[in-house]
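Working notes, beginning with the structure itself.
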Amino acid sequence: MKEISILGSTGSIGTQALDVVRKNRDKFMIKALSCGRNLELMKKQISEFEPELVVTATVEDAKLLREYFRGKAENIEFLSGEDGLLQLAGYDSDLLLNSLSGMRGMLPTYEAIKAGKNIALANKESLVVGGDVIMSAAAKNGVKILPVDSEHSAIFQCMQGNLNKEIKKIYLTASGGPFRGYSRAELEDVSVEQALNHPKWTMGRKISIDSATLMNKGLELIEAKWLFNVDVDDIEILVHPQSIVHSGVEFKDTAVIAQLGIPDMRIPIALAFTYPDRLKMDVPELNFFNEGSKLTFEKPDLESFKCLKLAIQAAKSGKLYPAAMNGANEVLVESFLNGEIGFNQIADFIEEVLNVNDFSNKPELDSILEADKLARGKAYDLIKGNK
């Protein structure tokens, strides 16, 4: 019986992870859960999975849940805020699934590593902003980081039985998002609703916008660089609208191994939970004579989708540039969702933040947090100037 704690259990990844647990109650036990503001769903999750620890966003929410479960589940500990997330990260369990969205997931990842917890990582920002710090700490503490993103799970699977030094190139696939084929001019007036309508995956609002701008693929490129210890120039992004090939690896003998399957996040989640074993999954199988019969690939349009271009540049620049880019992007995506800026302004303002500030210091925990804070402040200034 594997004991699992989940950061972000009411989000897209968290709910799918609990579905995996639900269908395999003889294999998994939930020790701890955290939520944002979806208390109604959290009540249902607590009742079903009976965790020992629950963390909410605010003290008030923790109090509400404590009162709700008084007399029903007296042994549950309710905590809140950032301190609560850090305590959950180091909680006594076999595996931590970090499915928090954004930069706020980095410190819990670091805390889990310090506590010696193996991590199923869905929070890509942990590595985007703190890759050197996180991977060094993981190596020092003997912690396994198991990728949950479908692309990184695919690469991880393709590398089994092969040495890192044998890798020639990583192929990182992208669906292209809802605006594949659009020119930059056509992107000027796209709506929030259009941007949220991803053609292949059901995701949260923030990652859906990142997928529409292709920033998500840029973040995944940086994540892959750290997870698999490869140079940015050895990662090639392929737009693959069918989303059947989840990524692949080319080796020095030119052999290419790729992982294929129907898009369903429960598959990489389950693998992270059971590795090196696999679960029998109740999901649709790939039919090579149907959805697998025509697979196409194309180069990404870096001029129309400038966010991806900026992410590649930040990855090559290194230092604190990825942290600054990510911080600015988080602010600007939220601003776009709120109708304060246009779609193309996300990339334009990120570029301005990176160009007018120096982010060339060494990435350490304190300097990463400072770069994030500075970039967010500059992004807020640009938004205010746009009103």
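All of the numbers you see were taken from the coordinates with simple rules; none came from a lab. This structure is a prediction, so every number in the text was calculated from the model and none was measured. Using ideal geometry, Cβ is built from the backbone for each residue, glycine included, and neighbour counts are taken over all protein chains shown.
Taking Rh as the Kirkwood radius, which is the inverse of the mean 1/r over Cα pairs, what is the Rg/Rh value for the range 1-81?
0.94
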Value of [θ]222 nm, deg cm²/dmol, for the chain, DSSP H segments ≥ 4, -39500 (n - 2.57) each, nearest 500: -14500 deg cm²/dmol
Prolate/oblate/rounded call for the range 62-193, Cα gyration tensor, a/c under 1.5 rounded: oblate
Aspartates and glutamates whose Cα lies under 15 Å from that of residue 362, excluding same-chain neighbours fewer than 8 positions away: 132, 370, 372
Additional length obtainable on full extension of the chain from residue 165 to residue 365, 0.36 nm per residue less Cα span: 69.1 nm
Spin-label proximity, residue 188 to the range 343-359 - amide N less than 18 Å from point 7 Å beyond Cα toward beta carbon: 343-349
Ranked list, fewest to most other Cβ atoms within 10 Å of each Cβ, for 15, 213: 15, 213
Rule-of-thumb Rg ratio for the range 2-147 [Cα; 2.2 N^0.38 Å; N residues]: 0.99
All-pairs alpha carbon distance profile, the chain, 10 Å steps from 0, percent: 5, 23, 33, 27, 11, 1, 0
Exposure proxy order (Cβ contacts within 10 Å, fewest to most) of 254, 274: 254, 274
For residue 238, residues with placed amide H under 5 Å, excluding near neighbours: 172, 173, 174
Peptides ranked, highest mean first, by Cβ atoms within 10 Å: ranges 165-173, 186-194: 165-173, 186-194
Simple spin-label estimate for residue 23 and residue 386 in nanometres, 7 Å along Cα-Cβ: 4.0
Built amide H within the under 5 Å cut-off of residue 80, gap 5+: 56
Least to most buried among 58, 10 (fewest other Cβ within 10 Å first): 58, 10
Debye, to nearest 20: dipole size of the range 2-147, +1 on Lys, Arg Cβ, -1 on Asp, Glu Cβ: 340
Residue 140/residue 340 FRET efficiency (R0 51 Å; Cβ-Cβ; nearest 0.05): 0.75
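Could you work out the Rg to Rh ratio of the range 1-48, with Rh taken as the Kirkwood radius (inverse of the mean 1/r over all Cα pairs)?
On the way: Rg = 10.0 Å, Rh = 10.7 Å.
Result for the range 1-48 is an Rg/Rh of 0.94.
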Rounded to 5, percent antiparallel among DSSP beta bridges of the chain: 25
